[in-house]
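Data first, discussion second: the structure below is written as structure tokens.
The values are calculated or read from the model by the stated rules, or taken from the named source; none is laboratory data. Please read these numbers as outputs of a predicted model, since none were measured by experiment. Using ideal geometry, Cβ is built from the backbone for each residue, glycine included, and neighbour counts are taken over all protein chains shown.
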Amino acid sequence: MTAAIRVISTEHARTWKLLNLIDELRQRMDCDEVAPDARLFSAIFDYTEQFSDKMHHPKEDKYLFARLLQRHPEAARVIDELQREHRGSDLIMARLRAALHDCIADFGSQRERFSQLLRDYSQSVREHINKEEGEVIPLARQYLTEADWDEINSAFLENSDPLFSDDAEEHFRMLRSRIINLAPAPIGLGASQPVAETMPEVVPPVLKVAGLSSHYGQIQALEQIDIEINEGELVALVGANGAGKTTLLRSLSGIQPVSGGSVHLYGEEITRLRADKRVAAGVSQIPEGRQVFGPMTVEDNLLLGAYSRRRDDSVKADLEKMYRLFPILKEKRGLAAGTLSGGQQQMLAMARALMARPRVLLLDEPSMGLAPLLVEEIFNAVRRLRKEGMTIFLVEQNAAGALAIADRGYVIETGRIVLSGKGQELLSNKKVQEAYLGI
Ligand SMILES: Nc1ncnc2c1ncn2[C@@H]1O[C@H](COP(=O)(O)OP(=O)(O)OP(=O)(O)O)[C@@H](O)[C@H]1O
Ligand SMILES: [Mg+2]
């Protein structure tokens with residue numbers, strides 16, 4: 001077997017196992033009425049989307065299919081079909097995500113639709129793989145020359161090409177290990193050892209801050225900060241005015257220089273990475289004071305959030321998703337953003353950030369300056385995002401509100417973390433109650 005075919009077939013085998021997992025999860029949902037696990041499904045969709053679109057399809061299109069078309073033009077029919085399916089996968093993933101969201105919001109009425117989409121998806125991908133393995137690869141074996149294979153194989157072994165690099169492998173290995181860890185049973189998804197019999201594969205935290213310090217001139221604003229935020233967690237950071245909350249967020253998003261310590265994103269050091277590169281890597285900060293573009297319409301503000309993405313149906317589907325999450329934005333989609341109330345602008349700022357499909361959301365005092373009813377609405381929106389599987393770091397002076405919805409929390413005082421624990425534990429902590437809750 002050639003190196004290229006071995007790589008492609010291994011990838012097909014992994015995808016097949018993933019489809020088995022999807023089928024199993026669907027059956028649990030249908031037969032046992034178990035609501036879908038948003039984090040697990042999101043992890044599966046992330047992996048499928050990123051891996052298939054960024055690595056598997058381009059490799060096939062660029063090397064195998066292109067060469068085969070030259071040598072054997074009759075292959076055009078099946079290759080056309082496969083490529084049409086490649087191009088359609090974005091939209092299908094967007095539909096699945098939207099249906100997952102609906103299903104979580106209303107399991108009773110939306111289960112059937114999500115289940116049906118999953119069934120269609122699994123079946124069509126299996127057919128796709130069968131077509132490739134059953135038709136295209138045999139044709140390639142028949143019609144490609146020795147020299148063709150040399151060229152294709154050396155491309156598949158070329159490590160500096162981003163399609164094949166160790167970096168890409170590492171990234172996808174991480175995405176796979178998220179799935180392995182969240183799955184209800186071992187799925188044999190290319191883990192080096194059977195997961196059940198060994199230590200579970202360790203997924204690095206989404207963000208890990210270690211010994212971080214930062215200065216404004218001579219003044220130390222942050223001192224030895226240690227914080228971890230794991231996949232799917234909602235972590236709160238509470239503290240008084242001037243404690244260093246914003247400074248910490250700014251140092252995570254790369255606009256505040258750090259003077260010591262480190263920041264890791266999914267195990268990779270980003271301490272000195274430029275801010276725009278962090279955004280591209282999925283770190284998205286919503287600054288204090290919202291900063292929406294006042295004269296632009298609500299919808300244009302949202303589309304601006306997706307500026308780095310291809311303008312296609314998946315953007316449209318995400319737009320619809322935002323309107324489902326924040327119905328008021330749909331109502332006001334054609335109005336200038338500047339005419340929205342403070343709470344609505346905060347929702348717009350959140351939705352705009354989500355349009356870029358970040359992997360972690362950094363929120364700086366979203367409740368600031370809002371009336372109590374709106375504060376509650378904002379915290380509810382944050383909670384809904386968390387339920388959807390989004391990883392969130394929520395910075396707040398409103399300790400009661402933030403800790404009530406957080407999985408875990410940290411308390412910061414004059415640049416130092418003085419307490420940490422589960423949200424509920426901190427809420428009932430005497431010191432926290434005295435200092436921050438006015439009890
Ligand atoms: N640009 C700056 N130059 C000098 N000192 C600054 C600057 N920005 C913030 N500081 C100081 O750093 C410390 C932390 O400020 P930071 O804005 O991070 O606090 P915060 O917890 O976000 O407060 P708030 O709840 O008011 O937003 C404060 O003592 C503040 O005075
Ligand atoms: Mg602040």
Item checked: 2 or more residues within 24 Å of the chain's Cα centre (by Cα): qualifying helices (runs of 4 or more DSSP H) within the range 96-175 -> 107-131
Check: Could you say which residue among G334, G369 is over 22 Å from the mean Cα position of the chain (by Cα), of a type in the set (G, A, S) and either assigned to a helix (DSSP H, G or I) or within 16 Å of ligand 2 (Cβ to nearest atom) (or both)?
Finding: G369
Item checked: Scope the range 233-245; condition crowded, with 18+ Cβ neighbours inside 10 Å and within 11 Å of ligand 1 (Cβ to nearest atom); matching residues -> L237, V238, G239, A243, G244, K245
Next item on the list: Residue by residue through the range 176-187, note down the ones that are in a loop (DSSP other than H, G, I, E, B) and buried (at least 17 other Cβ atoms within 10 Å of the Cβ).
Entry: A183, I187
Notebook entry, point to check: Mind checking which residues of the range 401-439 are among the polar types (S, T, N, Q) and part of a helix (DSSP H, G or I)?
Noted result: Q424, Q433
Check: Where residues in the range 399-413 are within 16 Å of ligand 1 (Cβ to nearest atom) and surrounded by 22 or more Cβ atoms within 10 Å (Cβ to Cβ), which of them is farthest from L427 (Cα to Cα)?
Finding: I412
Next item on the list: Would you be able to tell me the number of residues in the range 246-260 that are away from ligand 2 (no atom under 16 Å from the Cβ), surrounded by fewer than 20 Cβ atoms within 10 Å (Cβ to Cβ) and not polar (S, T, N, Q)?
Entry: 2
Notebook entry, point to check: With respect to the numbered conditions (1) modelled with pLDDT of 95 or more; (2) farther than 17 Å from L363 by Cα, which one is the sole condition not fulfilled by G244?
Noted result: (2)
Notebook entry, point to check: Restricting attention to the range 262-285, does a residue exist that is of a type in the set (A, V, I, L, M) and within 16 Å of ligand 2 (Cβ to nearest atom)?
Noted result: no
Next item on the list: Filter the range 356-376 for residues that are acidic (D, E) and crowded, with 19+ Cβ neighbours inside 10 Å and give the result.
Entry: D364, E365
Check: If you check every pair at least six apart or on different chains, which have Cβ atoms under 6 Å apart with a residue in the range 233-245 that is outside the structural domain of R386 (by TED's automatic domain parsing) and within 10 Å of ligand 2 (Cβ to nearest atom) first and a residue that is modelled with pLDDT under 95 and of a type in the set (D, E) second?
Finding: none
Notebook entry, point to check: Restricted to the range 209-232, and to residues that are buried (at least 21 other Cβ atoms within 10 Å of the Cβ) and within 27 Å of D37 (Cβ to Cβ), which residue is farthest from ligand 1 (Cβ to nearest atom)?
Noted result: G232
Next item on the list: Name the one entry in A349, A336 that is over 30 Å from G239 (Cα atoms) and touching a strand residue (DSSP E or B) at 6+ places or on another chain (Cβ under 9 Å).
Entry: A336
Note to self: Which numbered condition in (1) within 16 Å of ligand 1 (Cβ to nearest atom); (2) in a helix (DSSP H, G or I); (3) under 26 Å from E223 (Cα atoms) is the only one that V375 fails?
What the structure shows: (3)
Checklist line | Residue check, I79 of a type in the set (A, V, I, L, M, F, W, C), in the same structural domain as L144 (by TED's automatic domain parsing) and within 20 Å of R176 (Cβ to Cβ) | finding: no
Check: Within the range 249-266, can one find any residue that is in contact (Cβ under 8 Å) with a residue 40 or more places away in the chain and under 22 Å from L426 (Cα atoms)?
Finding: yes
